[in-house]
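Working notes, beginning with the structure itself.
The values are calculated or read from the model by the stated rules, or taken from the named source; none is laboratory data. None of these values were measured; they are calculated from a predicted model. Please note: Cβ atoms are built from the backbone with ideal geometry, for glycine as well, and neighbour counts cover all protein chains shown.
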Amino acid sequence: MKFAIIKERKNPPDRRVVFSPEMLAKAQQEFPEASFVVETSDIRVFKDVDYKNKGFAIAKDVSQADVMIGVKEVPIASLIPGKEYFFFSHTIKKQPYNRALLKAILDKNITLYDHEVITKENGARLIGFGRYAGLVGAYNGFRLLGQRDHLYTLPKVESLQDLDAVKKELDAINLPTIKICLTGSGKVAHGAKEILDHLNIKEVSHTEYLEATFDYPVYCHIDVLEYNIRKDGAPGDRFAFYKDPSGYKSDFMKYAAVTDYFIAGHFYGDGAPYLFTRADAKKDNFKIRLVADISCDINGPVASTIKPSTIADPFYGYNVHTEKEDDYSNKQDVVAVMAVDNLPCELPKDASQGFGKMFLKYVIPAFFNNDKDGILQRARMTRNGVLTRRYSYLKNYIDGLE
């Protein structure tokens, strides 16, 4: 079987790649029956020569390969009919902007495997860039804090070589006395936590966070049952919440009343309560004035996230009274927001190395062991020109009926 590492063609340019040269060499060593070709690219973080030096062919035309492996959506015009593709399609939530892409994939008889649904049998994701989104998102929040309050200056992550360089920059800053609230329990949240712990910010219990005052920076890490409660007052159940959150309401305002910097690292599921609404943000006891929204659900559970920001222009302000964009330096009325929706792109080398390690561990073996763990089956969205059973719920979406 022949695999191709394809060039990223989506704009803005994405320098990430599924396999670094070193990890691709390891894949070749572990699976000698496979062959790999690398499509030439002047974009990716690793140069063509880096792959060539590992013994891989570099080609302008990779159409002879069976499986095309990329990161972001492949433009419709670049899709090769009849092939198998891996990339983030951003269609499983019926995103309107990619309806035409999924329709074209079916029309071109392409077998699509979406990175986002490469999962364990219980639905837990096996691979992704979540850790790096968390790392960069938390760093960017501290960069915004320093810039807004004229405390220190941090460079953009994209200007730094790797994660070690990012952490070295953080070593030079001094933080004021602030309370930081971090939501989430997945890879995103733990990436953000890695930054907080690197800065030696003390983690405190929920009770301490809500009731005590400190003369040094602290943070509290909370999960869904800390900021959601059952409407009927009964004890909450985490797994029941994930299955059906309709019986819950937000209890986040008790944290918002004491938080200076909020890092949104949670996954937001359909039907879950909003953490705070625009009405909540107007209340006198709403203290948050800086948000790093790594989850980046627009006009959703974090009311201050009214648009995605970009790597080029990562910060904006949300005026709690007008509900409009405003100058983020106005701490009296404005929440300073970081809501970049492609954070791992800022750390392409580390993100690619981490992603490739997981892809080699879980995905490549499935092509040679008859998919004994169902990895490919669960991730396969289309086949033979139709949606697979697991993704048949997308039929009306593709047809433009919803």
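Criterion applied to I229, I222, I201 was being under 17 Å from G134 (Cα atoms), free of Cβ contacts under 8 Å to residues at least 60 places away in the same chain and over 22 Å from the mean Cα position of the chain (by Cα), and the one residue passing it is I201. Being part of a loop (DSSP other than H, G, I, E, B), touching a Phe, Trp or Tyr at 6+ places or on another chain (Cβ under 9 Å) and over 21 Å from A312 (Cβ atoms) is not true of I105.
Would you call L160 of a type outside the set (D, E, K, R), in contact with a Phe, Trp or Tyr (Cβ under 8 Å, 6 or more places away or on another chain) and crowded, with 18+ Cβ neighbours inside 10 Å? For L160, the condition - of a type outside the set (D, E, K, R), in contact with a Phe, Trp or Tyr (Cβ under 8 Å, 6 or more places away or on another chain) and crowded, with 18+ Cβ neighbours inside 10 Å - is not met. Annotation note: of I263, I306, the sole residue that is at pLDDT 95 or above and either part of a loop (DSSP other than H, G, I, E, B) or farther than 19 Å from R148 by Cα (or both) is I306.
Please indicate, with yes or no, whether at least one residue in the range 382-390 is in the same structural domain as V71 (by TED's automatic domain parsing), in a helix (DSSP H, G or I) and polar (S, T, N, Q).
So in the range 382-390, the residues in the same structural domain as V71 (by TED's automatic domain parsing) come out as 382-390.
Then drop every residue that is not in a helix (DSSP H, G or I), which leaves 389-390.
Pick out the ones that are also polar (S, T, N, Q) and you get none.
Within the range 382-390 (the criterion being in the same structural domain as V71 (by TED's automatic domain parsing), in a helix (DSSP H, G or I) and polar (S, T, N, Q)), the answer is no, since none of the residues qualifies.
The residues of the range 150-193 that are in a helix (DSSP H, G or I) and either in contact (Cβ under 8 Å) with a residue 40 or more places away in the chain or not assigned by TED's automatic domain parsing to the domain that holds N342 (or both), listed by number, are V157, E158, L163, V166, K187, V188, A189, H190, G191, A192, K193. Could you pull out the residue among V49, V74 that is of a type in the set (A, V, I, L, M), in the same structural domain as I364 (by TED's automatic domain parsing) and within 21 Å of the chain's Cα centre (by Cα)? Step by step, each of V49, V74 is checked, and only V74 is of a type in the set (A, V, I, L, M), in the same structural domain as I364 (by TED's automatic domain parsing) and within 21 Å of the chain's Cα centre (by Cα).
Being over 17 Å from the mean Cα position of the chain (by Cα) and not assigned by TED's automatic domain parsing to the domain that holds D260 is true for just one of L145, L102. Which residue is that?
Values: L145 fails: not assigned by TED's automatic domain parsing to the domain that holds D260.
Checking each option against the conditions leaves just L102.
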